[in-house]
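Undergrad: Sharing a structure with you now.
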Amino acid sequence: MKAVQKTEPKIGAKLVEVPTPTNLKPGWTLVKVRATSICGTDIHIWNWDQWSQGRIGEKALPQILGHEFCGEVVELGPNCNRIKVGDYVSAETHIYDPGDLTSMLGIFHVGNNMKILGVDTDGCFADYVAIPEIVLWKNDKTMPPEYASIQEPLGNACYAVMGEDNDVYGKTMLITGDGPISLFAIGVAKAAGASKIIQFGMAQYSMEIGRKMGVDIQIDVTKTTPDERYKIVMDNTGGWGCDIVCEMIGAQSSLDDAFRCIRKGGRFSAFGIPSKSPSQIDYTDQIVFKGIQIHGISGRKIFDTWYRNGNMLANRKLDPTPVVTHLMALEDYQKAFEMLTAPTRQCAKIVMFPDKQELNAALARRK
Ligand code: ZN
């Protein structure tokens, strides 16, 4: 089969021919990939940055990239019982260990022995991917592959927006950032009934998508001072600050904005990852005396966010089309990564198709 593989500990990846996985382990399945999308994590691995060097390391190479996908189950290993050959599936990429305490407590997406698809295992930028059935999610048959593939990042957005309380209707929300997950978050917040959605961003191309997703107020962080941004938020929230903040960047300046603009007793979803740790937070005034709740968003809520997003997409109550900006052949992965790492990005989510017929069908749906 063909696969996009990291072969050497340096920038880039190669399109190679590798054996299709055989001798599936008990509980594992083989899925023929119909569509696969590129995530920020793949860009880290593509660049072979410090995080990839530490997390994956030279010893794991060669390794196939990718973790967002949908496809058809073509083979089952021993002891599979929920999934059948022919099922149209996507996968939760946090491959949990049922023996982890967190799994036993129902918090599947974090765990000491959890593995991540395409990070700790071979990924899905290939014709086929081997994956345990416990993380497979069955898709509605009518869902186009280009949407079924993006449910993983959409799940991050859903978890950040909804939190654990699912209490969004009528509330004001600040979403920082203009990457695909921030843009998805705008769509989820809108669908969930947020009364006012404010976005802090900078890239014009992405801010335009934010408007299509239903944002109410956009603030360009390159053209405003922190005091000006704070004032706009206060003016638009009756002087209280935002009820919910989804912090999707992690940079110190963004954290400063986010903690300042959240109202007392508000809910803070912490998703953005700082390039440098530790970050500075005024623990006393910004957390304790403000009485806020901070919720780390590491992954999705298995399978709650999958269930909700699947229903919203299948019933056409959430349209991710503006964020899915490019449909390409898997063979064109090089071009896709070049676009994603360009200084002024002219793309958001890129979905790739190993099969040209699938690509042509997806392009036809766009017309
Ligand atoms: Zn992802």
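Every number in this text was worked out from the coordinates using simple rules, so none of it is lab data. Not measured: the values here are computed from a predicted model. Cβ placement follows ideal geometry from the backbone for every residue including glycine, while neighbour counts extend to all protein chains displayed.
Undergrad: Return a whole-number percent for the relative contact order of the chain, with Cα pairs under 8 Å and 6 or more residues apart as the contact set. Show your work: numbers first, answer last.
TA: On the way: 776 pairs, mean separation 62.6, N = 367.
17 percent.
Undergrad: Oh, and also: Give me the dipole magnitude in Debye, nearest 20, for segment 39-83 about the Cα centre, with unit charges on the beta carbon: positive for Lys and Arg, negative for Asp and Glu.
TA: 180 debye
Undergrad: Expressed in nm to one decimal, what extension gain is obtained for the pair ASN166 and PHE303 from 0.36 nm per residue of sequence separation less their Cα-Cα distance?
TA: Numbers: separation 137, 0.36 × 137 = 49.32 nm, distance 1.46 nm.
So the chain would gain 47.9 nm between ASN166 and PHE303.
Undergrad: State, as an integer percentage, the relative contact order of segment 219-324 based on alpha-carbon contacts under 8 Å between residues 6 or more apart. List each step's numbers first, then the result.
TA: On the way: 115 pairs, mean separation 21.7, N = 106.
With pairs under 8 Å counted, the relative contact order is 21 percent.
Undergrad: If you don't mind, another one. Compute the angle between helix 356-366 and the longest alpha-carbon principal axis of the chain, please, reported from 0 to 90 degrees and rounded to the nearest 10.
TA: 30 degrees
Undergrad: Let me know the charge dipole size of the chain about its Cα centre in debye, to the nearest 20, where only the beta-carbon of Lys, Arg (+1) and Asp, Glu (-1) is charged.
TA: Details: 40 positive and 42 negative charges, 128 e Å.
In total the dipole reaches around 620 debye.
Undergrad: Right, next: Which FRET efficiency, nearest 0.05, do THR225 and VAL288 yield, Cβ-Cβ r, R0 25 Å?
TA: Details: r = 27 Å, r/R0 = 1.07.
The pair THR225/VAL288 has a calculated efficiency of 0.40.
Undergrad: Then there's this: The chain: longest stretch without exposed chymotrypsin sites (Phe, Trp or Tyr not before Pro) (DSSP loop, at most 11 other Cβ within 10 Å), sites themselves excluded?
TA: Details: sites that count: TYR169, PHE289.
The answer is 1-168.
Undergrad: Also, I was wondering about something else. Using helices alone, what [θ] at 222 nm do you get for the chain, with -39,500 (n - 2.57) per DSSP H run of 4 or more residues, divided over all residues and rounded to the nearest 500? The partial results should precede the final answer.
TA: Details: 12 runs with 106 residues, N = 367.
Rounded to the nearest 500, the figure is -8000 deg cm²/dmol.
Undergrad: I've got another one for you. Helix 252-261 sits at what angle to the longest principal axis of the chain, using alpha carbons and giving 0 to 90 degrees rounded to 10?
TA: The angle comes out near 50 degrees.
Undergrad: To test your reading of the geometry: what angle, between 0 and 90 degrees and rounded to tens, separates the Cα axis of helix 151-162 from the longest principal axis of the chain?
TA: 30 degrees
Undergrad: If you average the C-alpha positions of segment 118-152 and of segment 1-79 separately, how far apart do those two centres end up, in angstrom?
TA: 12 Å
Undergrad: While we're looking at this one, here's another question. To the nearest 0.05, how large is the calculated FRET efficiency for LEU61 and SER279 if R₀ is 35 Å and r is the Cβ-Cβ distance?
TA: On the way: r = 31 Å, r/R0 = 0.89.
Once the sixth-power term is evaluated, E becomes 0.65.
Undergrad: With charges set only on the Cβ (+1 for Lys and Arg, -1 for Asp and Glu), what does the dipole of segment 187-308 come to about its Cα centre, in debye to the nearest 20? Write out the running numbers ahead of the final one.
TA: Working: 16 positive and 13 negative charges, 81 e Å.
Using Cβ point charges on Lys, Arg, Asp and Glu, segment 187-308 gives about 380 debye.
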